[in-house]
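Each value in this text was obtained by applying a stated rule to the coordinates, not by laboratory testing. Just so we're clear, the structure is a prediction, and the values are computed from it rather than from any experiment. Note that we place each Cβ from the backbone using ideal geometry, even for glycine, and neighbour counts take in every protein chain shown.
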Amino acid sequence: MTEVYPPQEDSELLLEVALKEIRRDDDVLEVGVGSGYVSERLKDKCEFLLTTDISPYAVKMAKEKGLNVVRTDLVKGIRKKFTLILFNPPYLELDDSERTGDWLEKAIDGGKHGIEVMVRFLDSVREVLAENGRIILIVSSLNVPRIFEEIEKRGFEFEIVAKRKTFFEELYALRITSSQDP
């Protein structure tokens, strides 16, 4: 059994949008690097790239791919500012029968309504977001409209920059920026 979330449609969507968004002079942070699928394809396209993950298995895998990685919860302890932050968060709401208590569960269980991890991210991301920085966040139609309300409540603006249909949901890539008056 694998302990690291394998690349899926959401990973592909994040990579597709990140490749369009990334600039040579960007300092990039990928939160929840997982298998490293996205960051390993971006590391030579920007000034600096750092990744984080809470899973020791994901951290080990990212290191093996030559990525700069810090084991932490979201952005805790990171003191640098980034111009581009990428996050493909856990966005499903698992019920008790689906819970396994393993590391893979942490990669997919977003808590109540699938947005609790995203809300914690939104509450802490300003600490690491550079002025005029951009965030690319993957969300599911299962999280809508709650996640849109939570983003706006925290003084961010967002636009849907890409969509991908899967068999039971639609995935959205959001570009999030700080509004002038949070």
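Close amide-amide hydrogen proximity is noted between residue 91 and 110, each under 5 Å apart and 5 or more residues distant or on a separate chain (H modeled in the peptide plane; Pro and chain starts excluded).
So for the pair residue 170, residue 45, with labels modelled 7 Å out along Cα→Cβ, what separation do we get in nm? The modelled label-to-label distance comes out at 2.5 nm.
Spin-label model, residue 71/residue 161: points 7 Å from Cα along the beta carbon direction are separated by 3.2 nm. In whole Å, what is the distance between the alpha-carbon centres of segment 44-75 and segment 105-168? That distance is 20 Å.
Determine the relative contact order of segment 10-153: mean sequence separation of Cα pairs under 8 Å and six or more apart, normalised by residue count, in whole percent.
Numbers: 258 pairs, mean separation 34.3, N = 144.
Value for segment 10-153: 24 percent.
If you place +1 on the Cβ of every Lys and Arg, -1 on the Cβ of every Asp and Glu, and leave all else neutral, what size is the dipole of segment 9-178 about its Cα centre, to the nearest 20 Debye?
In debye, rounded to 20, segment 9-178 gives about 620.
Counting Lys and Arg as +1 and Asp and Glu as -1 over every other residue whose Cβ lies under 14 Å from the Cβ of residue 141, the net charge comes to -1. Converting phi to 3J(HN,Hα) with the Karplus coefficients 6.51, -1.76 and 1.60 and the offset θ = phi - 60°, segment 61-76 yields 5, 5, 4, 4, 8, x, 8, 6, 9, 10, 7, 7, 8, 6, 10, 4 Hz in sequence order, with x at every glycine or proline.
Which ³J(HN,Hα) values, rounded to whole Hz and listed in residue order, are derived for segment 120-132 from phi using the Karplus coefficients 6.51, -1.76 and 1.60 in 6.51 cos²θ - 1.76 cosθ + 1.60 with θ = phi - 60°, glycine and proline given as x? Calculated HN-Hα couplings, in order: 4, 4, 4, 6, 10, 5, 4, 4, 10, 8, 5, 4, 6 Hz. For the set 43/81; 45/65; 76/163; 43/65; 80/163; 20/81, the pairs lying more than 19 angstrom apart at their alpha carbons are 76/163; 80/163; 20/81.
Amide H to amide H distances under 5 Å link residue 69 with 51, where only residues 5 or more positions off or on other chains count and H is placed in the peptide plane. Distance distribution note for the chain: the fraction of Cα pairs above 29 angstrom is 13%. The slack between residue 126 and residue 108, meaning 0.36 nm per residue of separation minus the straight C-alpha distance, is 4.1 nm. Potential lengthening of the chain between residue 148 and residue 80 amounts to 21.8 nm, from the contour at 0.36 nm per residue minus the alpha-carbon distance. Note on the chain: antiparallel DSSP beta bridges, both residues inside, total approximately 45 percent of the bridges counted.
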